[in-house]
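Working notes for the structure below.
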Amino acid sequence: MPTPNHITKAISTLHTQVKKKSHILLVVSFCLLLNLVQAQSVTESFKTLTDSLIKSAPPSYTDIHKVLRKYRSDTLSIRFFSQKSKENEYAAGQTYALSELGRTYRNISNYSKSIQLHQEALAIAIKADNLEFRISSLNYLGVAYRRMSSIRKAMDYNQQALELAESVQNPSRGIKRSRNVSLNSIGNLYITLKQYELAIPYFERSMKLEAELNNTLGLAINHQNIGKCQEGIGNLDKALESYRTSLSYNETIDNNMGRVICKNSIAHIYIKKERYKEALILIKGTLPIAMELSDGYLKARLYKNLGWAQLLTNNLEDAEQNLLEGNRVAHKFNLRNESAQSGHLLSDLYEEKNDFKTALYYKKQAIELDEEILNEGTVRYVNDILFRYDYEKKGNEIAVLAKQNEIAQLKLKKNRTLLLIGLLSLILLSGILYILYRQYQLSNEKKILTLEQTMLRSQMNPHFLFNSLNSIKLYIINNEKKNAVHYLNKFSKLVRKILEASSQREIPLAEELETVELYMNIENIRFSNEINFKTNVSESLDIHTVKIPSLILQPFLENALWHGLSSKEGEKNITLDVNPGEEGFINISISDNGVGRDVAEKIKEGKVLKRKSIGIEITKERLANFSKDYQNSFHVEIIDIYDDLNVPAGTKIILYIPTI
C-alpha cells in the first residue's frame, strides 16, 4: 500500500509532467503561428515580385529564371504566377510556369501530368512564336518520355529541339543551354539502347559547350553520363573517376538529386568490383535523401542496387524485400528499364532459393521489357533519324561552303595582294588594340577590386560594430530582452546584407533601401532613438527593377548622423527621398536638420579624436565607375539649408544616378 510520501511524490511528478507538456504545447503553438506569419509574408512578397516581373515582361527563360529560381519547386507560387501571366497575356511567363510545374511533376515521377503540362507550354510557345521556350518545351517532353523508356517519342522531341537550336545564327544563352540539353538527352537515348560509343561524342560536345557557359550543373550531368558509357563499355576505373568528378560538381552547387544519382552509380561500380560492404554503406546512406526527394526513378534504382548487393552477399531475405520494392516502384511509375533490370535480379534470386516457377515468371517479364525497349525497329528508327539529320546538315554545310569558296576566289582574283596586306595590317592592329585593351581592362578590374574592398571595410567599420554590440549588450544587462533580441536580429541581418551586397556590382534599389533602413535602426540605438528617419519613394518608380551600385547610400547617411546631427540639440530628422529625375536619371536626396557644414567643420577641428570619413569619396569613385556603362554620368549636389533668419538649418545631398 502506497505511503503518504509516495502519494505526494507521485502528485508532484504528475504536476511537473503536466507543466512540461504545457510549455511544449505553448512552444509548438508559437512556432506554428510564426510559420503562418512567415508564410503570409512570403506570399505577399511573391505577389509583389510577380506584379513587378509581369510589368517588365522579359521574353527569355534566363531573365525570368533569375527572378523566380528559388520558387521553381514551390508549386503554389508557380501556379499563381502562371494564372497571373495568363490574365495579363504574358505568354513567356505562362510558358515558364508550366515548364517548371512539369519539371516538378517529372521529379516526383508523375510523368503523365508532367507531359500534359509541357505540351501546354509548347502550344503557348508556338502560338507566341517564342523560339527559346519552344525549344526548351520540346526538350522537357523528350526527358519525360525517356524516363518512361519511350525511346521513339523521346528522340522525336529532342531531335526537333536540337534542329531548332542549331538553326539560330546568334543564339541567346537560353537557346545555347537548350542545345546542350538536346545533345545530352540524345546521348542518354543511346545509353538506353546500349550504344555507348555513339553516346560519348554527344556528351563530350555538350560538356565543352557547358564549360563555355560556365554551367556547373551541366558539367556534373555530362561527367555522370560519360561514366555510364565507360561502365557500359567495361572501363570501370574510368567510370568511377567520372562519377566522382560529377559528385564533386554536385557538392559544389549543393544538388541533392545529383548527389543521389552519383552515389548510386558509384555503389553500382563497387558491386561490380565486388566491394559489397562499401556499396551497401553508400546506398543505405543515400536512400533517406532519395525518399525526401520523392523521385520514383531514383528510389527504384537505389532499391535495385541495394537488393543486388545483398543478393551477391547471400543475404537473400533482405535482397528479396528490396528487389521487390524496387520492382514495385518501377511498375508504379512505368519505369520499364528499371522494371526489366530488377526483374532479371529477382529471377536470379528465386533461382538461388530453388523457387524456379517464380524465377521463370520474372525472367519472362524482364525479357519482354528488354525487347520492348531495345527492339531492332526502335534502334533502326533512332539511327535513321540521326543519319538523315546529319546527312542533310552536312549537305547544307557543303553547299554553303562551296558558295563561300566561289565568292572568296573571285575576290582573291580581283586584288590578292591588297587583300593580303590589308589582312596582315588588320591582324597587327587587332593585336595591338587587344593588348592595350587588356592592359586597360586589368587596370580597371584592379581599381574596382580595390574600391570594393575599401568600401566593405568602411561599411564594416570596427567602431560601428563594436559600438552596436555594446548598445545591444546594455539592453541585455538592463534585462530588456525584447529590445536586445529585436536589435540583435536587425544587426545580424544588416551584417549579412552588407556581406552579400559587397559581392555584387549592382543590386535592386529595393534591397539598398532595406539595408539603409536596418543601418539607421542600429545607429539610432546609439542616439537613444532620437533620430526620426523617413523614406519617401515615388509611386511611379519600380524599385525592384531599378539597379544601383551596392551600398552607396550608407556613407551619406553616416555623414549626416555624425557631422550634422550628433552635435545638435532638440529634434533630429533625416529624410531620404527617391524620385524619377530627368530622362535617364533617378534622384536620391538625403536631407537632415543638423548644424550645417560650417558648424560641423568647426566642431570637428576642435575635437581631439577626429572621425576620419573616407566613405563618401569611395562612393563617388564607385558611382563614376558605374556610370561608364551608361550614356549619362552621375553627379552629386550638396545644398546648405538655411532658416528664415539665414541661420544654417541642415544639409541636403542629391545623387543623380543614370539609368540609361
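Summary table
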item: Spatial separation of Cα centroids for the stretch 474-541 and the stretch 273-314, in angstrom; result: 49
item: Approximate spin-label separation residue 587-residue 87, in nm, with each point projected 7 Å along Cα-to-Cβ; result: 3.6
item: Alpha-carbon centroids, the stretch 231-250 and the stretch 331-351: separation in whole Å; result: 24
item: Ascending count of other beta-carbon atoms within 10 Å, so fewest first, for 647, 516, 260; result: 647, 516, 260
item: Efficiency of FRET between residue 274 and residue 241 - r from beta-carbon atoms, R0 22 angstrom, step 0.05; result: 0.70
item: Footprinting exposure proxy for 356, 333, 80 (fewest neighbouring C-beta atoms within 10 Å first); result: 356, 80, 333
item: Additional length obtainable on full extension of the chain from residue 414 to residue 547, 0.36 nm per residue less Cα span; result: 42.6 nm
item: 588, 498 arranged by Cβ crowding within 10 Å, fewest neighbours leading; result: 498, 588
item: Candidate aspartates and glutamates - alpha carbon under 13 Å from residue 84, same-chain residues fewer than 8 apart omitted; result: 51
item: Flagged links, alpha-carbon separation over 30 Å, of 47/299; 55/299; 481/534; 572/602; result: 47/299; 55/299
item: Peptide ranges 84-92, 208-216 listed from the most packed, as the mean C-beta count within 10 angstrom indicates; result: 84-92, 208-216
item: Student exercise, the stretch 72-138 dipole from Lys, Arg, Asp, Glu Cβ charges, in Debye to nearest 20; result: 200
item: Low-density loop cleavage sites - trypsin sites (Lys or Arg not before Pro) in the stretch 129-207, where at most 16 other Cβ are within 10 Å (DSSP); result: 194
item: Theoretical FRET efficiency, 1/(1+(r/R0)^6), r = Cβ-Cβ of residue 532 and residue 500, R0 25 Å, to 0.05; result: 0.30
item: The stretch 450-658: relative contact order in percent, alpha carbon pairs under 8 Å with at least 6 residues between; result: 19
item: C-alpha center-to-center spacing [the stretch 543-591, the stretch 44-115] in angstrom; result: 36
item: Residue 113-residue 438 FRET efficiency (beta carbon distance; Förster radius 51 Å; 0.05 resolution); result: 0.45
item: Distance in nm between pseudo-label sites at residue 321 and residue 368 (7 Å out along the Cβ direction from Cα); result: 2.9
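Laboratory data are not the source of any read-out in this text; all were calculated from the coordinates shown. Please read all numbers here as calculations on a predicted model, not as lab measurements. In this analysis, Cβ positions are derived from the backbone assuming ideal geometry, glycine residues included, and neighbour counts consider all displayed protein chains.
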